[in-house]
Amino acid sequence: MAHIKLPEFEDMTPAIQEKARPILEKTGKLGDIFKLLAVDEKIYFATDVMIQKYLLDETTLSYDTKEAIALLVSKENGCKMCVDVHKSIAKMLGLSDEKIEKILEGVDAIDTDAKEKALLNFCLRAAQKDNYKILKEDIDTIKALGYSDVQIIEAVAITGYFNYINTLSNVFGLGA
């Protein structure tokens, strides 16, 4: 049960209802994170743009990599709801149950190359409170593995997005 009253569809602004209607028609319900964001239209639409541009649109990182970041950062942040949601999304994107479980065991357990493991470990490091200690040399190490500036910025933006959404979920007791 959320720590604040979450709006139901009829309590949302018309603009948010327009976004919610297809979800309701397809799934029959709105998730708690959707309802929480719907408390404030500005927050809802700012977050929606991040979801579209970072996660749903095709970008320089594969969907597998983006979902690995989502799962790893959400697990690290103790966001059970986000882990559960992204397990389902990862399955829809074609990741096997075995691969998802390996991701949740940690970077070392994932059956992938050293290059991707380095990026995922970098993202976990970037998710920490003391990420201000990351140095140019740390970024240069990732670049030396073949990642472009765009890919690194994208990976860190996704990491930051999950710190943001995990914080909202955790603070307001979603999925508890």
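The values are calculated or read from the model by the stated rules, or taken from the named source; none is laboratory data. Just so it is clear, the structure is predicted and the values come from calculations on it, not from any experiment. Cβ coordinates were reconstructed from backbone atoms using ideal geometry, including for glycine residues, and neighbour counts include every protein chain displayed. SASA here: full protein model, heavy atoms, side chains in, ligands and nucleic acids out. Shrake-Rupley method; radii C 1.70, N 1.55, O 1.52, S 1.80 Å.
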Going through the stretch 20-36 in order, the residues found to be in contact (Cβ under 8 Å) with a residue 24 or more places away in the chain and of a type in the set (D, E, K, R) are Asp32, Lys35
In the stretch 40-58, residues that are assigned to a helix (DSSP H, G or I) and surrounded by fewer than 18 Cβ atoms within 10 Å (Cβ to Cβ) total 12
With criteria (1) in contact with an Asp or Glu (Cβ under 9 Å, 6 or more places away or on another chain); (2) touching a residue at least 40 places away in the same chain (Cβ under 8 Å); (3) surrounded by 19 or more Cβ atoms within 10 Å (Cβ to Cβ), Leu124 comes up short on (3)
Exercise. Does Ala90 meet the test of being within 20 Å of Met50 (Cβ to Cβ), among the small types (Gly, Ala, Ser), at pLDDT below 95 and open to solvent by less than 40 Å² (accessible area, probe 1.4 Å)?
Worked result: yes
*asked:* I'd like to know if the stretch 126-133 contains one or more residues that are in contact with a helix residue (DSSP H, G or I) (Cβ under 6 Å, 6 or more places away or on another chain) and not hydroxyl-bearing (Ser, Thr, Tyr).
replied: yes
Q.
Could you go through the stretch 17-25 and let me know if any residue there is open to solvent by less than 60 Å² (accessible area, probe 1.4 Å), of a type in the set (Gly, Ala, Ser) and under 15 Å from the mean Cα position of the chain (by Cα).
A. no
